[in-house]
Amino acid sequence: MKNHSGTIIYPDLVLGGVRFINKLSNEGSQGEVWLASDLNLSRNVAVKVFSWPDGEVEHEQTQSEWDHEAKLWAGISFHPHVAKLFKYEPRLIHSLSENDRFLIKMFVIELADASLSGMMKTNWPPPIGTLLRWMYEIADGLTAAHNFQPKPIIHRDLKPGNILILSFNRKRQICGYNGFRHSPMAR
């Protein structure tokens, strides 16, 4: 079953320790991205939300695959060119009514100013020096993943929508919940 597209998440909803503020985008093939406030840490975050009617098949991925990908992302999110994964909520139940329950999965990440795909729609092309710096930063994040121990990590969904631009220093970071996998060519 595909991710549910109805209005499950709404402003001021509190779920998994975050208060949703407003929808930022539904860029990408799955889920929605929301601006939210982390109630425990008192900071704004981005939340990638996936939802399904409770009891239906969630996704082609098994729960262990979701968990594994979250752990891989968390393992490399220390790197300055990989988006910080603050929290992963694998199984929350949200009820709109007694008979209308939804399974929610959330990835709580560092809030970015924009994605590269959004920037490409408004400020393109940037100067060649800027492009070269961006290429270096993206390659640096990928190198960290490829050098991960004990087994290298590959990103299977690298695209402009999965490159985030941070507002405080305009640094590029790689994100994308479903892109991280161990390399089949492990050393």
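Structure above, values below:
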read-out: Members of the range 62-87 that are touching a residue at least 60 places away in the same chain (Cβ under 8 Å) and β-branched (Val, Ile, Thr); value: 76, 82
read-out: Residue match in the range 128-145 (condition: farther than 24 Å from residue 109 by Cα, not in a helix (DSSP H, G or I) and not assigned by TED's automatic domain parsing to the domain that holds residue 31); value: no
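For (1) closer than 20 Å to residue 14 by Cβ; (2) at pLDDT below 85, each residue gets a yes or a no:
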| residue | (1), (2) |
| --- | --- |
| 40 | yes, no |
| 48 | yes, no |
| 55 | no, yes |
| 59 | no, yes |
| 62 | no, yes |
| 87 | yes, no |
| 98 | yes, yes |
| 104 | yes, no |
| 111 | yes, no |
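The values are calculated or read from the model by the stated rules, or taken from the named source; none is laboratory data. Owing to the predicted nature of the structure, the values given are computational and were not obtained by experimental measurement. Ideal geometry is used to build each Cβ from the backbone, glycine not excepted, and the neighbour counts take in all protein chains shown.
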